[in-house]
Structure formats: structure tokens, C-alpha cells
1. Of the residues B:Ile110, B:Ile177, which single one is assigned to a loop (DSSP other than H, G, I, E, B), aliphatic (A, V, I, L, M) and without any contact (Cβ under 8 Å) to a residue 60 or more places away in the chain?
2. Need the failing condition index for B:Val27 against (1) farther than 22 Å from B:Ser155 by Cβ; (2) away from chain A (no Cβ under 11 Å), just the number.
3. Among (1) free of Cβ contacts under 8 Å to residues at least 24 places away in the same chain; (2) at the interface with chain A (Cβ under 7 Å from one of its Cβ atoms), where does B:Asn74 come up short?
4. Name, by its number, the condition in (1) under 16 Å from B:Leu160 (Cα atoms); (2) buried (at least 17 other Cβ atoms within 10 Å of the Cβ); (3) in contact with a strand residue (DSSP E or B) (Cβ under 6 Å, 6 or more places away or on another chain) that does not hold for B:Lys48.
5. Before we move on, is A:Ala142 under 24 Å from A:Gly177 (Cβ atoms), more than 14 Å from chain B (Cβ to nearest Cβ) and modelled with pLDDT under 80?
6. Got a number for residues in segment B:87-99 being under 13 Å from the mean Cα position of the chain (by Cα) and either in a helix (DSSP H, G or I) or among the hydrophobic types (A, V, I, L, M, F, W, C) (or both)?
7. Could you look through segment B:54-67, keep only residues that are surrounded by fewer than 23 Cβ atoms within 10 Å (Cβ to Cβ) and outside any strand (DSSP E or B), and pick out the one that is farthest from the other protein chains (Cβ to nearest Cβ)?
8. For B:Ala150, which of the numbered conditions (1) surrounded by fewer than 18 Cβ atoms within 10 Å (Cβ to Cβ); (2) aliphatic (A, V, I, L, M); (3) in contact with a Leu (Cβ under 9 Å, 6 or more places away or on another chain) fails to hold?
Amino acid sequence: MDSQLKVIVLNDLNILKDKRYLLFNVFVVLFLFVFKYKIVNDMSVDLNYLSYFSQFIFMFIAGFVMLFLGIQILQEFSTQKANRIYEVVLTSPISLLKLYYSKLISSFVLVYPAVICAILIYVILLNGTGSFDIPIEVMIMALLIIPLYMLLYYAFGLYLILRFKNMNVIQILSLTGTGLVFLGVYGSKYLSIHIILSGEHLVSYLFLVYASIGLIIGFLIVFTAIKKFNKEKLAI
Amino acid sequence: MGNIIDINSLIKYYGNFKALNRVSFRVEKGQIFGYLGSNGAGKTTTIKILLGLMKASSGEVRVFGGDTFPDTPNSLKLRAAIGSVLEFNGLLEDRTGLDNLIFWAGLYNIDKADGLVLAEKLMDLVQLEEWADVKVGKYSYGMCKRLAIARCLISDPELLILDEPTLGVDPESRHLIRELLKDLSEKGKTIFISSHDLGEIQKICSHLAIIKKGNILFKGSLDDLIKQYADEREFSLEDVYLKIVKEE
């Protein structure tokens with residue numbers, strides 16, 4: 001890894017490791033999901049539905065953990081900008097693009113282990129109930145595609161933080177993110193009912209392909225925007 | 001002697017507002033160059049352009065003979081030879097003073113072991129050795145300024161660009177900073193210092209420029225200023241500065 005990039009990532013790790021409330025948030029999310037699963041399980045609904053439901057939760061744990069932690073990490077980066085740390089950093093021999101990518105890597109490196117932990121704990125709990133039956137497509141979705149979508153969200157969030165002077169941008173970003181997740185969960189409720197009725201998988205390979213194409217387009221848009229980013233906007 | 005900073009007809013607009021109007025001056029190697037002006041005169045804008053944080057609207061800005069804006073391999077190389085302290089300190093408040101310096105050393109590609117040795121040396125230099133392991137959030141303003149100066153020295157730069165380094169600083173810290181700058185100048189470093197602390201500038205600068213509303217009113221050596229505007233026996237930079245600024 002490039003040494004300047006490594007220095008910034010390690011520095012962020014050191015700053016955020018002291019903020020233990022971040023870890024607490026992961027447990028809150030996990031607890032909510034497990035609690036919800038337990039209620040559904042105790043209601044002894046249809047086994048098929050239970051299986052879909054466990055897959056559904058498995059998939060969305062990653063998204064929720066990344067959103068909860070991500071928003072707070074972006075908030076921290078936004079505070080660093082307000083303290084004008086980036087302006088000072090840019091007087092050293094580091095380019096704005098490298099600073100941007102370092103921050104993006106930091107946010108992902110900080111959050112992804114928490115996602116893995118949350119998923120592992122959930123899997124262990126599911127195994128305890130004897131209802132662990134997650135297809136490979138759902139695993140790819142939970143461990144790769146959804147985290148990458150959240151990375152895209154971080155990439156967009158970081159762009160907004162570096163681009164705009166108004167710090168309310170982070171509030172707008174967090175509200176939008178939360179809204180999108182709830183919309184996704186609400187929308188997918190009907191999708192999951194449709195899938196259950198049709199007897200199909202919750203996530204098909206075709207769905208993964210479409211999701212990947214959406215991901216590539218999203219990253220292309222953000223990276224095109226950041227390449228045109230003018231650091232003067234950060235310094236004025 | 002070669003020019004370290006060479007500014008020719010520099011113009012900078014913020015929208016329709018002209019912040020700098022045909023600013024021109026040169027800073028030669030080894031000089032302590034004072035850049036004087038009231039708030040909003042254009043000092044910080046000039047400094048940000050010199051540091052490559054902003055683009056000039058027109059004119060030529062050369063540092064070590066090259067451009068510091070935009071980010072190119074060459075401009076990054078030039079920036080590695082500049083140490084700067086901006087008006088705000090931009091320190092990492094959640095980390096200790098020593099960690100701040102080690103982080104900064106890393107940005108200059110200095111490895112962690114060497115960075116630690118340098119950082120400890122610099123903490124001694126700015127008399128913060130006892131505060132090395134304390135988080136910067138607990139430092140006083142003057143201590144933060146001293147740490148920011150230590151930070152700008154970590155890469156042993158040829159040129160120091162300091163924006164109001166003694167603003168709001170206690171007399172002890174001010175004295176320390178002044179002596180440090182004199183020492184650095186004796187070691188051949190070039191120092192560009194912006195301030196409206198005229199007493200401080202008079203004590204350390206050999207050359208200066210006075211700027212008002214984006215226009216340079218005077219540039220030259222302190223001796224030239226005395227010859228032109230004052231009686232050497234009772235020279236006060238403050239009186240001369242006010243005379244020049246009011247004449248305009």
C-alpha cells in the first residue's frame with residue numbers, strides 16, 4: 001500500500017478506535033435483527049416463510065451495520081473538514097485524489113470487520129435455532145454486493161463532504177441514506193412475498209448481475225465527479 | 001542569490017470581488033520576508049496561492065521556479081520543500097502532540113521510526129516535551145501554535161510560509177517563536193511571514209511588503225523603508241505602516 005495512504009488510514013483507525021459508541025451501535029443493530037427474527041420464529045409461521053425471513057435479515061444486516069457506522073464515520077470526517085484539517089494536509093505533498101481515496105479506504109476498513117462480526121454472530125444464532133439455510137446467491141449479496149453499495153454511498157458522501165462548505169450536507173446524507181434503506185426494506189417486503197408465492201430464490205444470479213451493473217455505473221459517476229473536483233472549493 | 005518566491009502581476013478574483021490586484025514581489029534565499037496588511041488585505045489569499053491550495057486568476061506565481069497548483073508530480077515535489085503554518089492550526093485534536101508530528105512525518109514519506117525521532121526532537125525544540133503524550137485538545141492556543149510550527153519543520157523544509165504565527169499567542173510563546181525563526185534563518189532557511197503584528201515583524205524581518213485591499217503599497221528591505229519614510233533614530237514600523245496605508 002502507498003505509504004501516505006497507509007498513514008491516513010492508520011491515523012483514522014487510531015482516532016476512531018477510541019470512539020466505543022460505534023461498536024455499541026453495531027450491537028444495537030444486531031440485537032434488533034435477532035429480536036425481530038426471534039419474534040417471527042416464536043410465532044411458528046410457515047417454515048418456508050421463516051427461511052426467507054432469515055435470508056432477508058442475513059442480507060440486510062450488512063447494509064444496516066454499514067449505514068449506522070458509516071454515517072457516524074462520515075460525520076467524523078465532516079468534523080475534520082470543519083476543523084480545516086484537510087486544508088492543512090493538502091499543503092503537504094499529497095494530492096486531493098489520494099486524500100479522497102485514503103478516506104474512502106479508511107471508512108471501508110473501519111466498517112467491514114464490524115459487518116463480518118455482525119453476520120457471524122447472526123449465523124451462530126441461526127445455527128442455534130437449527131434454521132441456517134442461506135443460498136450462495138444471498139451470501140454473495142450480503143457479503144459483497146450490499147457492502148459495495150454502501151461503499152458507493154461512502155464514496156458519494158465523501159465527495160459531498162469535500163465538495164460543499166455547508167456542514168448540513170452530512171445530515172442530508174444520513175437522512176437520505178436512512179430513507180433509502182427503509183424504502184428498500186419496505187419495497188422488498190412485497191418482492192419477498194411475490195418470491196415466496198412463486199417459489200423462486202430470494203436473490204437470483206440474474207439479480208446479482210443487475211446489481212453489479214448498477215454498482216459499476218454508480219462508481220463511474222462518483223469517480224468522474226471526484227476527478228473533476230477542484231480543491232479550491234476546499235480552501236476558500 | 002536565487003529567487004525562492006517570484007510573484008508577477010498576480011490577480012485573484014472571488015466571484016466579482018478582486019482580492020489581489022497585480023501583486024508582484026520576490027523573496028530571495030535566506031530572507032525573512034514580512035508580508036504586512038490589515039484583515040482582508042489579501043495576505044492569506046496570497047499564501048494559499050503560494051501553497052497550491054488555490055489557483056491564481058491570472059499572473060505568475062513561482063515557488064522554487066515552479067508551479068504549486070494543480071496537483072502534479074512536480075508540484076507535489078515542490079510542496080515537499082515547503083513547510084507552512086496557516087492561520088488555523090488544523091491539528092488532530094483527538095491525538096497526542098507526538099502522534100500529530102508522526103502523522104505529518106508519514107505524509108512526507110518519512111518512516112515511523114525516523115518520524116518518532118524527529119517528532120521527539122521537535123517537541124523539545126518548541127518546549128512541549130512534557131506535553132508530548134497529551135491529546136492536543138487539551139493544549140492552550142499558544143501551545144497549539146508551537147506544535148503547528150514544529151509540524152512545519154518535520155520535513156526540514158527550505159522555505160517556511162507562516163500565516164500569522166504569533167496571533168493570539170502569549171508573550172513567552174511569541175518570544176520562543178521569534179528566536180526559533182531567527183535560528184532557522186541563520187541556518188539558511190527562507191521565511192515568508194504574514195502578520196499584522198508590526199513589532200514582531202520589525203524585530204525579525206529583513207525585507208517586507210505592505211498590502212492593502214489587494215494592492216502592494218511598498219516592497220523592499222527594511223533599510224529602504226527607513227530611508228524612504230522614517231528617521232532611523234526613532235524608527236517605528238507601526239508609524240511608518242500607518243503613514244503608508246493612510247497616504248493611499
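1. Selected residue: B:Ile110, the only one of B:Ile110, B:Ile177 that is assigned to a loop (DSSP other than H, G, I, E, B), aliphatic (A, V, I, L, M) and without any contact (Cβ under 8 Å) to a residue 60 or more places away in the chain.
2. Looking at each condition in turn, B:Val27 falls short on (1).
3. With respect to (1) free of Cβ contacts under 8 Å to residues at least 24 places away in the same chain; (2) at the interface with chain A (Cβ under 7 Å from one of its Cβ atoms), B:Asn74 is out only on (2).
4. Exception for B:Lys48: condition (3).
5. Working: under 24 Å from A:Gly177 (Cβ atoms): yes; more than 14 Å from chain B (Cβ to nearest Cβ): yes; modelled with pLDDT under 80: no.
Considered against the rule, which asks whether it is under 24 Å from A:Gly177 (Cβ atoms), more than 14 Å from chain B (Cβ to nearest Cβ) and modelled with pLDDT under 80, A:Ala142 comes out as no.
6. The initial filter retains those residues of segment B:87-99 that are under 13 Å from the mean Cα position of the chain (by Cα), namely B:87-89.
From what's left, either in a helix (DSSP H, G or I) or among the hydrophobic types (A, V, I, L, M, F, W, C) (or both): B:88.
Count: 1.
7. Taking the candidates together, the pick is B:Gly65.
8. In the conditions (1) surrounded by fewer than 18 Cβ atoms within 10 Å (Cβ to Cβ); (2) aliphatic (A, V, I, L, M); (3) in contact with a Leu (Cβ under 9 Å, 6 or more places away or on another chain), B:Ala150 misses (1) alone.
The values are calculated or read from the model by the stated rules, or taken from the named source; none is laboratory data. Every value quoted in this text rests on a predicted model; they were computed, and no experiment measured them. Quick reminder, even Gly has a Cβ in these numbers, built from the backbone with ideal geometry, and neighbours come from all protein chains shown.
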